[in-house]
Amino acid sequence: MDAAAPLFRGMDQPTLEREYNARESVASYAAEHARYVAESEQVRQSRAAKRDIVYDPQSGETLDLYLAGEGSPVFLWIHGGYWRGGSKEDNAFAAGGLMAHGISVAVMNYTLAPEAGIGEMVRQVRSAVAWLRNNGAERGLDVERIHVGGSSAGGHLAGMVLADGWLEAFDLPPDTIGTVLALSGLHELEPLQHTQVNGWMRFDTAPLPKTPRSDISPRHPERG
């Protein structure tokens with residue numbers, strides 16, 4: 001295959017590789033990564049949390065719950081890492097600022113690629129939301145104020161809680177989700193078939209999985 005042939009919206013393979021190389025796009029990536037890992041360790045040392053709560057018995061995956069106070073809203077944070085890296089321990093920084101404003105924070109793990117595909121990751125995120133809704137009240141949370149956010153791959157997974165149908169499947173009310181903050185989310189997966197990401201996600205071996213871009217209901221355009 002000619003590497004210079006356009007593959008997606010006029011972009012050839014080298015261009016796509018460059019555009020989707022998150023580390024190369026940040027000149028000081030190593031320093032930035034070290035900074036937020038250090039911030040996370042500081043939060044873990046200074047903030048009380050209920051750690052390693054199993055939210056999904058099927059996978060055994062866990063979350064850490066940083067409690068801001070009785071009756072507080074809760075923000076579920078989903079880490080990035082191109083679906084194959086990251087952890088709740090390295091992302092505890094998400095709890096620091098929000099707790100100062102009276103918001104509890106749940107930081108979750110999910111099974112990473114290549115052990116799990118996106119479909120399973122999405123199921124686990126939805127299971128975490130269901131756990132918060134069904135078990136949060138006994139831990140002092142206001143379960144009518146559940147918010148979800150994530151960055152990069154976590155932004156994609158956060159966006160998938162806006163898709164229709166799954167709340168009913170989990171026996172959850174339609175107003176379970178308050179807001180979603182999908183930061184720098186990977187909301188279009190097709191171009192990733194032509195990058196190194198495909199090496200661990202195998203997007204080219206089956207129909208592309210669902211994405212927030214294609215699967216958020218047109219009845220809710222404000223969610224796009």
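Quick note: the coordinates plus some simple rules give every number you see, no bench work behind them. Quick caveat: nothing in here was measured; it's all calculated off a predicted structure. For neighbour counting, all protein chains shown are included, and Cβ atoms are generated from backbone atoms with ideal geometry for every residue, glycine included.
Summary table below
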quantity	calculated
Summed side-chain charge close to LYS50 - residues other than LYS50 whose Cβ falls under 9 Å, Lys, Arg +1, Asp, Glu -1	0
Quotient of C-alpha Rg and 2.2 N^0.38 Å, computed over region 14-56	1.77
D (Stokes-Einstein, µm²/s), Kirkwood Cα radius, region 13-223, 1.306 mPa s at 10 °C	90
Environment charge at GLU39 (Cβ cut-off 13 Å; Lys +1, Arg +1, Asp -1, Glu -1)	-1
Cα Rg, Dmax, region 1-136, angstrom units	18.0, 60
Surrounding net charge for THR62, when Lys and Arg each add one and Asp and Glu each subtract one, Cβ distance under 10 Å	-2
Whole-Hz couplings from phi, Karplus 6.51/-1.76/1.60, listed for region 36-44; x for Gly and Pro	6, 5, 5, 4, 5, 5, 5, 5, 5
Hz values of 3J(HN,Hα) by residue in region 16-32 - Karplus curve (6.51, -1.76, 1.60), Gly and Pro given as x	4, 4, 5, 5, 9, 8, 4, 5, 6, 7, 10, 4, 10, 4, 4, 5, 5
In Hz, Karplus ³J(HN,Hα) per residue of region 72-87 (6.51, -1.76, 1.60; θ = phi - 60°; x = Gly, Pro)	7, x, 10, 10, 8, 9, 10, 6, x, x, 6, 6, 10, x, x, 7
Neighbour-count order for PHE75, PHE203, fewest beta carbons within 10 angstrom listed first	PHE203, PHE75
Amide H partners (placed H, <5 Å) of LEU141, local residues excluded	GLY71
Neighbour-count order for ARG47, ARG126, ARG202, fewest beta carbons within 10 angstrom listed first	ARG202, ARG47, ARG126
Ranking of MET121, MET160 by count of other Cβ atoms within 10 Å, fewest first	MET121, MET160
Nearest-ten-degree value, helix 118-135 long axis tilted from longest Cα axis of the chain	10
